[in-house]
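Asks: There's a structure below that I have some questions on.
Each reported figure results from applying straightforward, stated rules to the coordinates on display, with no laboratory input. None of the values given here were measured: they were computed from a predicted structure. When we count neighbours, we look across all protein chains shown, and the Cβ atoms used for this are built from the backbone with ideal geometry, even at glycine.
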Amino acid sequence: MLMNSKPLSGQRALVTGAGQGIGRAIALKLFELGAKVAVNDLNEPAGKETVSLIEAKGGCAVFCGFSVAEYQRVQEEVKKLEKELAGLEILVNNAGITRDQILPRMKPEQWQEVIAVNLTGAFNCARAASRVMVKRHYGRIISLSSVVAYLGQAGQANYAASKAGIIGLTRSLALELAPYQITVNAIAPGLIETAMTEKIPEAMRKEIMKRIPLGRPGRPEEVAEAAAFLCLPGSGYITGQVIHLNGGLYLG
Amino acid sequence: MLVKDRVIGLILEHLEVEKEKAVPEAHFIDDLGISSMDLWELVLIMEDEFNLEVPDEDLEKIQTIQNAINYIEQRVGKEIPD
């Protein structure tokens, strides 16, 4: 039996926050599987670099530089993108930020910004993308949650809340869009080697590592494998689920 | 073809509605038992059929079959080519 090496050939994907880390890895993986990728990031040089990496390998990618937190702008940009690419099958809500602080000292802006990008951003993008997916009776929406939504993390009440919110959003949207053969799932990574986790102080890192049965952080490419799996046409019976990717840090 | 007939045609084609119940005064959700998602999909289908876009604000206006007919007629007229 021949394996189709480009199962996403002819499909179009929008990956938010794809200028670096997990987002970039996902964009590259989806391209590898044959998709045309729209790379979104607020960091234009980083986003354009992801596009270049894809084009250097003979792929097709476009850069779009909007903030997922701006509702109206997202609706307009996604509509433009759908016209430009003549469709959209895959949305990966990956754009996310941290504004760490213990809650008793957290400023309202730190709370609001994280919710706005991480959670409301996912709403804004899913709202826009669901239109064409419902029309075509096909879609894959994947959002990034986090192990901290399950374990909690001191200093990250805002981040953890936004990532837990992604789970409720994923489950509800999965139920709404199921009649249209659109699957909606989430991925909850643990400690992954990216710019976001580079900032973790050494002592804390050592502590976390002790609790990871596999004894190492994960790689962005490993998260991308899970995202790619969920995007496959063959994964159409998996919906409303959270795939945990944490080296055994949390078993659930 | 009359827009009115085409709209009712689309409703019968795409929603699980008995022909006798598909009267202009029928309220999609209250009388025909249509879900919000199905109603929204119907609007998307009408967008494609009549080649127009229904902005979010206008969605509120479409609660009954007559609302849908009126809305489309306002946008494209009472008749469309067959």
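Asks: Within segment A:55-74, track down each residue that is part of a helix (DSSP H, G or I) and under 18 Å from the mean Cα position of the chain (by Cα). Show your work before the answer.
Replies: Taking segment A:55-74 and keeping what is part of a helix (DSSP H, G or I), we get A:55-56, A:71-74.
Those that are part of a helix (DSSP H, G or I) and under 18 Å from the mean Cα position of the chain (by Cα): A:TYR71, A:VAL74.
Asks: For B:PHE50, are the conditions met, namely being in contact (Cβ under 8 Å) with a residue 24 or more places away in the chain, away from chain A (no Cβ under 12 Å), surrounded by 14 or more Cβ atoms within 10 Å (Cβ to Cβ) and within 28 Å of A:ALA174 (Cβ to Cβ)?
Replies: Taking the combined requirement at face value, the residue does not satisfy it.
Asks: Next question, about the same structure. If you go through segment B:30-82 one residue at a time, how many are more than 20 Å from A:LYS79 (Cα to Cα) and in a loop (DSSP other than H, G, I, E, B)?
Replies: The total comes to 15.
Asks: With (1) buried (at least 23 other Cβ atoms within 10 Å of the Cβ); (2) over 18 Å from A:ASN40 (Cα atoms); (3) more than 14 Å from chain B (Cβ to nearest Cβ); (4) in contact with a helix residue (DSSP H, G or I) (Cβ under 6 Å, 6 or more places away or on another chain) as the list, and A:VAL92 as the residue in question, which single condition is left unmet?
Replies: A:VAL92 satisfies every listed condition except (2).
Asks: Which count do you get for residues in segment A:80-89 that are on the phi < 0 side of the Ramachandran plot and loosely packed, with under 15 Cβ neighbours inside 10 Å? Steps first, please.
Replies: Keep residues of segment A:80-89 that are on the phi < 0 side of the Ramachandran plot, which gives A:80-85, A:88-89.
Right, trim to loosely packed, with under 15 Cβ neighbours inside 10 Å and you get A:80, A:83-84.
Residues meeting the conditions: 3.
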